[in-house]
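Encoded as structure tokens, the structure appears first; notes follow it.
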Amino acid sequence: SSIGSNYVTLADYIYVVFRGACLKIEAETGALTDTFFLPLLDGQTAPPKWGYIAASGDYLIASAEPINADDKDKPGKFTWNGTTSKAIYVLNRHTGKVLWYKNAEHGFRHNAIAVGNEMVFCIDLVPPEIKALLSPDNSDGQGKIYSFDLKTGGIVWSTDKGVFGTWLGYSSENDVLLQA
């Protein structure tokens, strides 16, 4: 449940994250038509793990390399594992070709990725509990909200003012982005 969504159902295809890949399944027949893999991130030697996925038009939006942060001193305590990822990718959902990707400074929160109006909105900020576990000596950090162009990955706008949220919602009808 921490990943958010590991599948997307559309009229023509279903996309399912499974064992290091994203399966493209024909909705009408259930036939596997393709398997997508993410290319290596900068400095990686193993393919990145898929995280959250969503779709918009001809695009598949995916987070990569979910971050794990266990509090080993408190067994049984709630874990924040998998709620945030190190990168976000946008692929052509028909071919699997990666169109662009962005590395996070802190981490892209899965519940804070929203798509609409030809933009990908996301918060680059991990919750303070994760930040403290990952770098106990430096638990502060300023987050940013980004609006990336869905097709190119160019920054449409960004802000570091008032960033606190772990969730984003976007209304295309009203062109309103909500942070909570």
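Is it fair to say GLY76 is modelled with pLDDT under 95, surrounded by fewer than 24 Cβ atoms within 10 Å (Cβ to Cβ) and touching a strand residue (DSSP E or B) at 6+ places or on another chain (Cβ under 7 Å)? No: the conditions fail for GLY76. For segment 114-133, the set of residues classified as part of a loop (DSSP other than H, G, I, E, B) and within 19 Å of GLY82 (Cα to Cα) consists of LEU125, VAL126, PRO127, listed by residue number. Criterion first (open to solvent by less than 10 Å² (accessible area, probe 1.4 Å) and modelled with pLDDT of 90 or more) does SER63 satisfy it? Yes.
Could we say that PHE108 is without any contact (Cβ under 8 Å) to a residue 60 or more places away in the chain, surrounded by fewer than 16 Cβ atoms within 10 Å (Cβ to Cβ) and among the aromatic types (Phe, Trp, Tyr) here? In short, no. Might you check whether a residue that is crowded, with 16+ Cβ neighbours inside 10 Å, at pLDDT 95 or above and in contact with a Ser or Thr (Cβ under 6 Å, 6 or more places away or on another chain) occurs anywhere in segment 121-141? The answer is yes; a qualifying residue exists.
Of everything listed in (1) surrounded by fewer than 23 Cβ atoms within 10 Å (Cβ to Cβ); (2) modelled with pLDDT under 95, the single unmet condition for THR95 is (2).
Going by the structure shown, is LYS151 out of contact with any His (no Cβ under 6 Å at 6 or more places or on another chain), open to solvent by 90 Å² or more (accessible area, probe 1.4 Å) and at pLDDT 95 or above? Considered against the rule, which asks whether it is out of contact with any His (no Cβ under 6 Å at 6 or more places or on another chain), open to solvent by 90 Å² or more (accessible area, probe 1.4 Å) and at pLDDT 95 or above, LYS151 comes out as yes. Do we find a residue being open to solvent by 80 Å² or more (accessible area, probe 1.4 Å) and either touching a Lys or Arg at 6+ places or on another chain (Cβ under 9 Å) or closer than 21 Å to THR152 by Cα (or both) anywhere in segment 21-35? Yes, that holds for at least one residue.
Every condition in (1) buried (at least 17 other Cβ atoms within 10 Å of the Cβ); (2) in a strand (DSSP E or B) is met by GLY4 except one, and the failing one is (2). Among the conditions (1) open to solvent by 20 Å² or more (accessible area, probe 1.4 Å); (2) within 13 Å of the chain's Cα centre (by Cα); (3) not small (Gly, Ala, Ser), GLU173 misses just one, which is (2).
The values are calculated or read from the model by the stated rules, or taken from the named source; none is laboratory data. Here the structure is a predicted model, which means the values were calculated and not measured. Please note: Cβ atoms are built from the backbone with ideal geometry, for glycine as well, and neighbour counts cover all protein chains shown. For accessibility, only protein heavy atoms count, side chains too; no ligands or nucleic acids. Shrake-Rupley method; radii C 1.70, N 1.55, O 1.52, S 1.80 Å.
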